[in-house]
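**Q** Questions regarding the structure given below will be posed in turn.
The values are calculated or read from the model by the stated rules, or taken from the named source; none is laboratory data. What you are looking at is a predicted structure, and each value in this text was computed from that prediction instead of being measured. We place every Cβ from the backbone using ideal geometry, glycine too, and count neighbours over all the protein chains shown. These area figures cover heavy atoms from the full protein model, side chains too; ligands, DNA and RNA do not enter into them. Shrake-Rupley method; radii C 1.70, N 1.55, O 1.52, S 1.80 Å.
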Amino acid sequence: MTDFAIYDMDRTVTRHATYTPFLIHCALHRAPWRLVLIPLVIVSMLAYVLKLIDRGRLKEINHRLLLGSKRHPNELKPLVDSFAEKTAASNVRPGARAAIARDKAEGRRVVMATASYRLYAQAIGDRLGFDDVIGTGSIIGLDDRVHAKIDGENCYGPAKLRMVTDWLSKSGFERGHVRFYSDHASDAPVFEWSDEAVAVNPHDRLAKLAKERGWAIEDWT
């Protein structure tokens, strides 16, 4: 049996969210003219807040606006690598590094499960010592281009639990003890599924839920 430590990424491992900063990073270094489209990004965010679109559609729209509809992986690799280096250097909570080291020392397989695109989350995970990364997939077309379209589900909320359990069933590992870390109540399904739930720098809703459920609360600042 294998013991696991599963980590959310944005605002759990990292101090700040990474998705929009990644797109801005790509636009800035590859096609600066796309930055004039940021007002449209803001409009799409307002549409999400007003529940006119879901989170998955929000990601696809912003991907298309700031990165383009189709990009070859070779074009994206230097952008992904430079963003991952920047994130690992300046946007990782000290407590996350300590927890990863502790979990590895305990013999756990360390897994990232994030709603962010696996396209760049994998590169961040590699730099932080994660063994596996589960994230939102991107469609790769017959033209071998990365499309501004999600492959499967957006790895968020109940979908994250489905993707984690699907990954586990296909991984060849037999589930042992599972420890799960996240900052947000949207991950409640994975918290409930895990054997040991740890709320990291939780927002108010998760802090309340953690106290009700008896989950651990840690400050990784």
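**Q** Sorted from largest to smallest, which semi-axis lengths in Å does the alpha carbon gyration tensor of segment 111-184 give for its equivalent ellipsoid, taking the root of 5 times each eigenvalue? Don't jump to the answer; show the numbers that get you there.
**A** Details: eigenvalues 98, 40, 34 Å².
Three semi-axes, in Å: 22, 14, 13.
**Q** Rank these by accessible area, largest first, 1.4 Å probe: ASP219, ASP183, ASP166.
**A** On the way: ASP219 115, ASP183 15, ASP166 70 Å².
Ranked list, largest accessible area first: ASP219, ASP166, ASP183.
**Q** Right, another one. Keeping all protein chains in place, calculate the accessible area per residue for segment 61-122 (probe 1.4 angstrom), answer in Å².
**A** Values: 2560 Å² over 62 residues.
Dividing the accessible area of segment 61-122 by its residue count gives 41 Å².
**Q** Using the alpha-carbon atoms, what tilt in degrees (0 to 90, nearest 10) does helix 73-90 show relative to the longest principal axis of the chain?
**A** 50
**Q** The chain: D in µm²/s via Stokes-Einstein (Kirkwood Rh, Cα pairs, 20 °C, 1.002 mPa s)?
**A** On the way: Rh = 18.0 Å.
Approximately 119 µm²/s, per Stokes-Einstein.
**Q** Something else: Among the trypsin sites (Lys or Arg not before Pro) within segment 1-100, which fall in a DSSP loop and have no more than 10 other Cβ atoms within 10 Å of their own Cβ? Write down the numbers at each step before the final one.
**A** Details: sites: ARG11, ARG15, ARG30, ARG34, LYS51, ARG55, ARG57, LYS59, ARG64, LYS70, ARG71, LYS86, ARG97; in loops: ARG11, ARG15, LYS51.
Passing sites in segment 1-100 are LYS51.
**Q** Find out how many positive minus negative residues lie around ARG93, taking Lys and Arg as positive, Asp and Glu as negative, among other residues whose Cβ is under 13 Å from that of ARG93.
**A** Values: positive: ARG11, ARG15, ARG97; negative: ASP8, ASP10, ASP183, GLU218, ASP219.
Value of the local net charge: -2.
**Q** Starting from the alpha-carbon convex hull of segment 121-164, give the projected area averaged over all orientations, in nm².
**A** Working: hull surface 15.2 nm².
Orientation-averaged projected area of the Cα hull: 3.8 nm².
**Q** Hey, what does the equivalent ellipsoid look like for segment 45-158, semi-axes from the Cα gyration tensor as sqrt of 5 times each eigenvalue, largest first, whole Å?
**A** Working: eigenvalues 146, 63, 37 Å².
That gives 27, 18, 14 Å for the three semi-axes.
**Q** On to the next question. Evaluate segment 152-213: find the radius of gyration of its Cα atoms, find its Kirkwood radius, and give the ratio Rg to Rh. Spell out each step's value before the answer.
**A** On the way: Rg = 12.2 Å, Rh = 12.3 Å.
So for segment 152-213, dividing Rg by the Kirkwood Rh gives 1.00.
**Q** Right, here's the next one. So what's segment 1-100 giving for Cα Rg divided by 2.2 N^0.38 Å, two decimals?
**A** Relative to the rule-of-thumb radius for its length, segment 1-100 sits at 1.24.
**Q** Right, next: At a threshold of 8 angstrom on Cα-Cα distance, excluding pairs fewer than six apart, so keeping six or more, what relative contact order does segment 9-157 reach in percent?
**A** Once normalised by length, the contact order is 26 percent.
**Q** I've got another one for you. Ignoring any ligand, DNA or RNA, what whole percent of the accessible area of the chain comes from carbon and sulfur when the probe is 1.4 angstrom?
**A** For the chain, the apolar C and S fraction of the accessible surface comes to 55 percent.
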